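The values are calculated or read from the model by the stated rules, or taken from the named source; none is laboratory data. All of these numbers come straight from a predicted model, not from anything done at the bench. Positions of Cβ are backbone-derived with ideal geometry, glycine not excepted, and every protein chain shown enters the neighbour counts. Heads up: the accessible areas ignore ligands, DNA and RNA and are worked out on the full protein's heavy atoms, side chains in. Shrake-Rupley method; radii C 1.70, N 1.55, O 1.52, S 1.80 Å.
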Number of protein chains: 2
Amino acid sequence: MKQPRIQADYLLETPGDPFRTAEVMAGEQSSGTFVRVPGETTQLRERAAAEVVEVDVLEEFVGTRSLPSAEPSPLAERLVRARVTISWPLATLGPSLPNLMATVAGNLFELRQVSGLRLLDIRLPDEFASVYTGPKFGVDGTRELAGVHGRPIIGTIIKPSVGFTAEETASLVANLCEARIDFIKDDELQADGPNCPFNDRVLAVMREINASADRTGKKAMYAFNLTGDVEEMKRRHDFLVRNGATCLMVSVNSVGLAGFIELAKFSELPIHAHRNGWGYLSRHPQLGWSFNAWHKIWRLAGADHMHVNGLGNKFSEPDDSVIESARACMTPMFKEKPCKVMPVFSSGQTVHQAPGTFAGLGSPDLIMTAGGGILAHPDGAAAGVTALREAWEATIKGIPLTEYGSSHPALSAALERPSA
Amino acid sequence: MKQPRIQADYLLETPGDPFRTAEVMAGEQSSGTFVRVPGETTQLRERAAAEVVEVDVLEEFVGTRSLPSAEPSPLAERLVRARVTISWPLATLGPSLPNLMATVAGNLFELRQVSGLRLLDIRLPDEFASVYTGPKFGVDGTRELAGVHGRPIIGTIIKPSVGFTAEETASLVANLCEARIDFIKDDELQADGPNCPFNDRVLAVMREINASADRTGKKAMYAFNLTGDVEEMKRRHDFLVRNGATCLMVSVNSVGLAGFIELAKFSELPIHAHRNGWGYLSRHPQLGWSFNAWHKIWRLAGADHMHVNGLGNKFSEPDDSVIESARACMTPMFKEKPCKVMPVFSSGQTVHQAPGTFAGLGSPDLIMTAGGGILAHPDGAAAGVTALREAWEATIKGIPLTEYGSSHPALSAALERPSA
């Protein structure tokens, strides 16, 4: 019987031979060291060594290395870029996500033989799906709790990001509930500081949300940012559950993988995964992580919602990359456990982005959060929510926004403001 | 009384005005959004806003942006590099390391206004030192447990990195104990896979280490790699303590900050912090993390030993950067809690690196681990240990290695092999 193996794809840039460099990568990340040592028998290599599955040369060119090395490199030299696939026997590490990280994304980015290395994708054997929970709520569970079907979940972010007291936050939330918003989230900078303690915020906000739900039958989902140490997150989670909250948020790169796995194990609420810090992992195109490889780890670990930036965002990411990430979120990971995670479009989002987002994703299964795009509406936050809901109504019906706006004043007013 | 603030220094590259860009960074990472929203009062800004403390323009030049943005950029344009210092009020986040990460290393790397951004340093108010443990053992505690004083702790890494069974590992360990080695570590690829389960390895290895200690009075310190989920790490830690182990190892980037903090809280053993993955965080000089900023977080969280690569390493890092990192490990973080962590020199280390390492660090308070450099000695692993110990004896006495080698055959034989 074939032993299960892990596969990873890389975008490699090297001034050397790409086939030889791929062998160095496989050696460094399994049984090799810089000299052959006693004990590294053929049998052991068969049991434990990583294998180069494929090296697909993409381009050869004369240029400057993307990443420096200890020795100065010439301004122009022959470089090769190749897509490299390496596989590892599952038996050396077992189905462990933290040890997977050390294996597929360990020392190899530092190799002097590579002048560029980016992890493009990972493929995991089914054993991983037996160990990790994956999203407990995903699209269906989130829609159920939010009471929103057939259209995107429309949300906002508390702005200013930081500075409001708990009561000031709750006062804004009351206003947003009045406007029948679906979803509200803390900013990732707001967790449990002395200016706005977590428990105070939960009590004040849930008082408004529960009161509004009793009155109107609609309960806004609020993602409370519980980012912190493991024990803090556990305590805050339990406090959320006791107070009727329906979502929690966490900064995944700040908490890290083992803490996140622990959170996902005990969480009884959907986990809204915020990817802040993503830039340092990904912004250079020849270094680090692609979204596709990176997000699979957090999906399997238990993320229910995953930030993917937004079209026309205020950051540096192009629109096609945003759509590619969002589509990745919906692509099944395992046959028996698809681990679909709900993409969250955020950053500079306004009514203007609805049609392009729907066209790109081909599905209304998304969360769109607009901060300034709702809160800075000339007629106030309630009109901001209405405008965004109207923009999505028009989009799903296939009606141009300006046309729909002519009979919908909130949308019309929002359309007069520029896109981010 | 002045409110405590957090400070962070960045290396910024921008095609725009560096002063304006620094303001955008401060706004994004505190009370700002892309439009001014109701509620962002002057009072709130005073309470919560980040402040630009200093912008020091380092160079202006014509060139290509280090990092791409959504819009294509010209091949040559005027760019500015500047050292930017930003400060945040502690009151918005409190002394929380995970929330510090989201604040100083959150969304700002993705800003379209920056074409390069690297976190150079962080300075934390004393409140952080009250919350986190820092290294429980550090240099003194490690020396006490290893029984090594006045010279570096000399160690090796089990090689081949993966593939040995527990008994094969123990057999190599027995040989190394025979050679009176100070320190042995698992490779970061070896944790708890089916080929070499953690508990089996601990039992087999500690049987040899304890037997050797009973016979010779010298007990080698073995850093067992317990990288995994939080509950796994707790279980493995307890198993180590029960079996007389004196050190544990963890891949910090794989486990992440919250999991690491939890580990540090319950650990009764020195924590050997392995930084694999460091390349994706740092290898581009205009992106990500400097070692100085990054390592402070893990020191305060409780790392006792910290990998800094090694002189003449097999990777891409230049020697001066290695020495700078090692010296950073020894620089006090707080007046009352210096949090000194023991630097670990590793990667392609041999007898050849002893003099340069000692000259660069100015102290023997370090761990040097040589894998191939010991295990591939022509006369076997025991001679490899002896040679490395002799190299350090010579170095500390100020005697050239070749001279010392003339009366020390193990060193002499090692000197004939090339440096990495």
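In region A:155-168, the residue that is nearest to the other protein chains (Cβ to nearest Cβ) out of those that are more than 23 Å from the chain's Cα centre (by Cα) and buried (at least 24 other Cβ atoms within 10 Å of the Cβ) is A:163. Being touching a helix residue (DSSP H, G or I) at 6+ places or on another chain (Cβ under 9 Å), buried (at least 20 other Cβ atoms within 10 Å of the Cβ) and outside any loop (DSSP other than H, G, I, E, B) is a property that does not hold for residue B:196.
Going through B:124, B:90, B:97 one at a time, which residue ends up being closer than 24 Å to residue B:336 by Cβ, over 23 Å from the mean Cα position of the chain (by Cα), at pLDDT 95 or above and not assigned by TED's automatic domain parsing to the domain that holds residue B:271? Within the list B:124, B:90, B:97, the selection yields B:90. Of note, residue A:187 does not satisfy the criterion of being within 14 Å of chain B (Cβ to nearest Cβ), open to solvent by 10 Å² or more (accessible area, probe 1.4 Å) and either modelled with pLDDT under 95 or closer than 18 Å to residue A:168 by Cα (or both). Check region B:136-154 and report whether any residue there is buried (at least 23 other Cβ atoms within 10 Å of the Cβ) and either within 9 Å of chain A (Cβ to nearest Cβ) or closer than 30 Å to residue A:131 by Cβ (or both). Scanning region B:136-154, I find no residue that is buried (at least 23 other Cβ atoms within 10 Å of the Cβ) and either within 9 Å of chain A (Cβ to nearest Cβ) or closer than 30 Å to residue A:131 by Cβ (or both), so the answer is no. Taking the condition in a helix (DSSP H, G or I), in the same structural domain as residue A:283 (by TED's automatic domain parsing) and either open to solvent by 60 Å² or more (accessible area, probe 1.4 Å) or on the phi > 0 side of the Ramachandran plot (or both), does residue A:208 pass? The answer is no for residue A:208.
The residues listed here are A:73, A:66; of these, the one that is of a type outside the set (Asp, Glu), in contact (Cβ under 8 Å) with a residue 12 or more places away in the chain, touching a His at 6+ places or on another chain (Cβ under 8 Å) and more than 7 Å from chain B (Cβ to nearest Cβ) is A:66.
Screening B:293, B:258, B:245, B:264 for residues that are of a type in the set (Gly, Ala, Ser) and within 12 Å of the chain's Cα centre (by Cα) leaves exactly one candidate, B:293. Here residue A:378 fulfils each of the conditions (1) at positive phi; (2) in contact (Cβ under 8 Å) with a residue 12 or more places away in the chain apart from (1). Does residue B:106 satisfy the condition of being open to solvent by less than 20 Å² (accessible area, probe 1.4 Å), in contact with a Gly (Cβ under 9 Å, 6 or more places away or on another chain) and either facing chain A (nearest Cβ under 7 Å) or not hydrophobic (A, V, I, L, M, F, W, C) (or both)? When the stated conditions are applied, residue B:106 passes them. For the criterion of being under 23 Å from the mean Cα position of the chain (by Cα) and either under 22 Å from residue A:46 (Cβ atoms) or open to solvent by 20 Å² or more (accessible area, probe 1.4 Å) (or both), residue B:214 fails.
The set of residues in region B:375-407 that are farther than 19 Å from residue B:153 by Cβ, of a type in the set (Gly, Ala, Ser) and in contact with a Leu (Cβ under 8 Å, 6 or more places away or on another chain) contains only B:405. For region A:11-28, does any single residue satisfy the condition of being at pLDDT below 90, buried (at least 17 other Cβ atoms within 10 Å of the Cβ) and touching a Lys or Arg at 6+ places or on another chain (Cβ under 8 Å)? There is no residue in region A:11-28 that is at pLDDT below 90, buried (at least 17 other Cβ atoms within 10 Å of the Cβ) and touching a Lys or Arg at 6+ places or on another chain (Cβ under 8 Å). Residues that are assigned to a helix (DSSP H, G or I) and of a type in the set (Val, Ile, Thr) within region A:40-95 comprise A:42, A:92, listed in sequence order.
The set of residues in region B:374-384 being more than 20 Å from residue B:312 (Cβ to Cβ) and either surrounded by 21 or more Cβ atoms within 10 Å (Cβ to Cβ) or among the small types (Gly, Ala, Ser) (or both) consists of B:380, B:381, B:382, B:383.
Taking the criterion of being within 14 Å of chain A (Cβ to nearest Cβ) and open to solvent by less than 30 Å² (accessible area, probe 1.4 Å), the residues of region B:123-135 that qualify are B:125, B:128, B:132.
Considering region A:239-282, the residues that are polar (S, T, N, Q) and within 14 Å of chain B (Cβ to nearest Cβ) include one that is farthest from residue A:140 (Cα to Cα), namely A:282.
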